[in-house]
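S.K.: So that we are looking at the same thing, I have put the structure below in structure tokens.
The values are calculated or read from the model by the stated rules, or taken from the named source; none is laboratory data. Fair warning: this is a prediction, and the values are worked out from it, not measured in the lab. Counting neighbours? That spans all protein chains shown, and the Cβs are built from the backbone with ideal geometry, glycine included.
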Amino acid sequence: MSLLNTVLLAIDGTAAAGGAIGAGVAALAAGLGIGQIGKGAVESIARQPEAAGDIRSSMILTAAFVEGVALFGVIAGLLAVVG
Amino acid sequence: MSCKRIFSFFLLVLTLSVASLPAFANEGAKEVKEGEKFNASEVIFGHISDAHEWHFFTAGDFHATLPLPVILYSPTKGVSVFSSSKFGHEGHREEYEGYRLVDENYKKELDAKGMAAADVKAIKDGSIVAADGSKVYDFSITKNVLSMFISVILLILIMTSVAKKYKKNHVMTAPSGFQNALEPIIVFVRDEVAKPNLGSKNYVRFMPLLLTVFFFIWINNMLGLFPGGANLTGNIAVTGCLALVSFLVMVFNGNKHFWGHLLNPPGVPIGVKLILVPIEIISLFIKPIALMIRLFANILAGHIIILSIVSIIFIFGKMGANPGGGFGFSVISVAFSIFMFFLELLVAAIQAFIFTNLTAVFVGQAIEEAHHHADEGGFDHAHSNEEIIL
């Protein structure tokens with residue numbers, strides 16, 4: 001416990017570190033999420049090439065939603081660093 | 001165009017962008033003294049924040065700034081209207097008619113006068129305060145307000161010019177000129193966004209709202225991407241008002257079925273109802289809040305990323321003994337920022353579409369008619385009283 005205390009006292013500006021780590025985790029989550037969307041889309045197109053147009057637009061729409069959520073996290077991290 | 005010509009064209013664009021970068025990127029406006037570190041966060045927040053003057057660029061010692069009108073109302077002093085240039089230039093702000101423009105020098109003064117550090121930090125940079133501390137209501141035309149006026153005028157010009165063509169030719173002639181560009185978009189909003197979500201009977205009522213929201217957000221997103229443009233949709237107050245409009249339309253169009261399902265979900269035991277109703281009420285408010293934050297965060301993050309990529313050039317330039325590091329990195333930085341600009345163009349359109357789509361979905365949920373439930377025999381008598389029994 002005291003080791004953790006000492007380490008935390010030594011880290012001046014923990015808020016900034018927390019914000020940066022949070023933004024990094026948000027980027028990680030966005031990468032994972034959008035990667036899975038892409039995977040699903042590409043596999044579906046492979047199964048049924050005629051539906052490629054529909055699948056492509058659904059993929060872009062869903063990716064925008066996931067990106068939005070990840071950017072909530074980035075903004076929160078930014079606020080932690082600046083505020 | 002052959003592949004080789006496309007590549008040469010791209011290389012030309014890239015080289016020209018590197019050459020013009022010092023003028024674009026050097027909008028820091030602060031005179032950076034020799035040996036002083038480049039303050040990236042100051043530059044970035046200076047670009048994305050609202051301000052009482054519109055700073056386009058800085059070329060050496062010349063600051064291309066447009067001072068904007070300041071309109072203040074104070075219960076003690078009455079209405080004051082003056083140009084923000086009366087406050088002096090950046091770095092040397094003076095008092096005018098008892099009002100001060102807050103910047104770090106003013107904050108240092110307050111600190112010296114003995115105000116608590118937390119109070120000093122709470123005062124927003126760039127806002128206007130009364131020198132004697134009385135209440136001031138700020139109705140100024142700031143950068144964002146002027147940008148909104150410009151985009152509104154642009155929208156009105158585009159739309160009325162196309163509408164006049166329809167009035168003149170009626171709908172019997174083929175579209176010409178700009179109609180060709182606008183019609184597919186409007187038809188897209190009608191067929192992919194309005195009709196599926198609002199039903200073919202009711203969608204006409206809401207088309208003006210959906211089209212306005214779509215084009216307003218799209219045009220403002222794109223205007224914000226210009227170097228020297230204002231960051232309108234990346235301001236949470238603006239997206240908050242847009243989300244408020246959607247929320248009010250949703251609430252005032254909600255029919256009995258909608259409110260019934262919200263406050264008294266049918267076919268639910270009382271225990272679950274106690275948990276479900278608060279959740280439903282929270283979800284009613286979460287919808288516009290999510291709309292607000294989604295648009296704000298996407299556009300703001302895009303702007304910050306592009307500004308950060310360009311700032312890295314200057315950080316690297318100041319880091320070593322000579323600015324060669326900055327010059328060297330500028331190639332990568334420009335390439336990356338071109339990619340980010342393309343992505344931001346895509347995001348501009350997508351976020352406008354998503355805002356419009358979700359507004360249509362929420363309003364559609366509010367105006368939905370009650371659907372029929374099957375009776376005990378499993379027959380859904382909504383369609384026919386004579387079901388075929390096999």
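S.K.: On the phi < 0 side of the Ramachandran plot, outside any helix (DSSP H, G or I) and in the same structural domain as residue B:163 (by TED's automatic domain parsing): is that true of residue B:272 in this structure? Outline the logic, then answer.
M.R.: Values: on the phi < 0 side of the Ramachandran plot: yes; outside any helix (DSSP H, G or I): no; in the same structural domain as residue B:163 (by TED's automatic domain parsing): yes.
Taking the combined requirement at face value, the residue does not satisfy it.
S.K.: What's the number of the only condition in (1) in contact with a helix residue (DSSP H, G or I) (Cβ under 9 Å, 6 or more places away or on another chain); (2) in a strand (DSSP E or B); (3) at pLDDT 85 or above that residue B:79 fails to meet?
M.R.: Among (1) in contact with a helix residue (DSSP H, G or I) (Cβ under 9 Å, 6 or more places away or on another chain); (2) in a strand (DSSP E or B); (3) at pLDDT 85 or above, the lone unmet condition for residue B:79 is (1).
S.K.: Quick check on this structure: which one of B:360, B:348, B:352 is modelled with pLDDT of 90 or more, in contact with a Pro (Cβ under 9 Å, 6 or more places away or on another chain) and either under 19 Å from residue B:221 (Cα atoms) or in a helix (DSSP H, G or I) (or both)?
M.R.: Working: B:348 fails: in contact with a Pro (Cβ under 9 Å, 6 or more places away or on another chain); B:352 fails: in contact with a Pro (Cβ under 9 Å, 6 or more places away or on another chain).
Just a single option satisfies the conditions, and that option is B:360.
S.K.: Right, next: Can you name every residue in the stretch B:307-330 that is more than 14 Å from chain A (Cβ to nearest Cβ) and either of a type in the set (Gly, Ala, Ser) or under 23 Å from residue B:351 (Cβ atoms) (or both)?
M.R.: Step one: of the stretch B:307-330, the residues more than 14 Å from chain A (Cβ to nearest Cβ) are B:309-330.
Once the filter is applied, which keeps residues that are more than 14 Å from chain A (Cβ to nearest Cβ) and either of a type in the set (Gly, Ala, Ser) or under 23 Å from residue B:351 (Cβ atoms) (or both), the stretch B:307-330 yields B:309, B:310, B:311, B:317, B:320, B:321, B:324, B:325, B:326, B:328, B:330.
Residue by residue, here is whether (1) surrounded by fewer than 14 Cβ atoms within 10 Å (Cβ to Cβ); (2) at pLDDT 95 or above; (3) part of a helix (DSSP H, G or I) holds:
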{"position": "B:204", "(1), (2), (3)": "yes, no, yes"}
{"position": "B:214", "(1), (2), (3)": "no, yes, yes"}
{"position": "B:217", "(1), (2), (3)": "no, yes, yes"}
{"position": "B:228", "(1), (2), (3)": "yes, no, no"}
{"position": "B:234", "(1), (2), (3)": "no, no, no"}
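S.K.: Another question, if that's okay. Scan (1) farther than 23 Å from residue A:59 by Cα; (2) without any contact (Cβ under 8 Å) to a residue 60 or more places away in the chain; (3) more than 12 Å from chain A (Cβ to nearest Cβ) for the single condition residue B:340 breaks and write down its number.
M.R.: Of the numbered conditions (1) farther than 23 Å from residue A:59 by Cα; (2) without any contact (Cβ under 8 Å) to a residue 60 or more places away in the chain; (3) more than 12 Å from chain A (Cβ to nearest Cβ), the odd one out for residue B:340 is (1).
S.K.: Can you confirm whether residue B:243 is within 15 Å of the chain's Cα centre (by Cα), within 14 Å of another protein chain (Cβ to nearest Cβ) and among the hydrophobic types (A, V, I, L, M, F, W, C)? Can you show your working first?
M.R.: Numbers: within 15 Å of the chain's Cα centre (by Cα): yes; within 14 Å of another protein chain (Cβ to nearest Cβ): yes; among the hydrophobic types (A, V, I, L, M, F, W, C): yes.
Answer is yes for this residue.
S.K.: Hey, residue B:62 hits all of (1) surrounded by 13 or more Cβ atoms within 10 Å (Cβ to Cβ); (2) modelled with pLDDT of 80 or more but one; which does it fall short on?
M.R.: Going through (1) surrounded by 13 or more Cβ atoms within 10 Å (Cβ to Cβ); (2) modelled with pLDDT of 80 or more one by one, residue B:62 breaks only (1).
S.K.: Which of the residues spanning the stretch A:61-77 are at pLDDT below 85 and either among the β-branched types (Val, Ile, Thr) or not in a helix (DSSP H, G or I) (or both)?
M.R.: Answer for the stretch A:61-77, where residues must be at pLDDT below 85 and either among the β-branched types (Val, Ile, Thr) or not in a helix (DSSP H, G or I) (or both): A:69, A:74, A:75.
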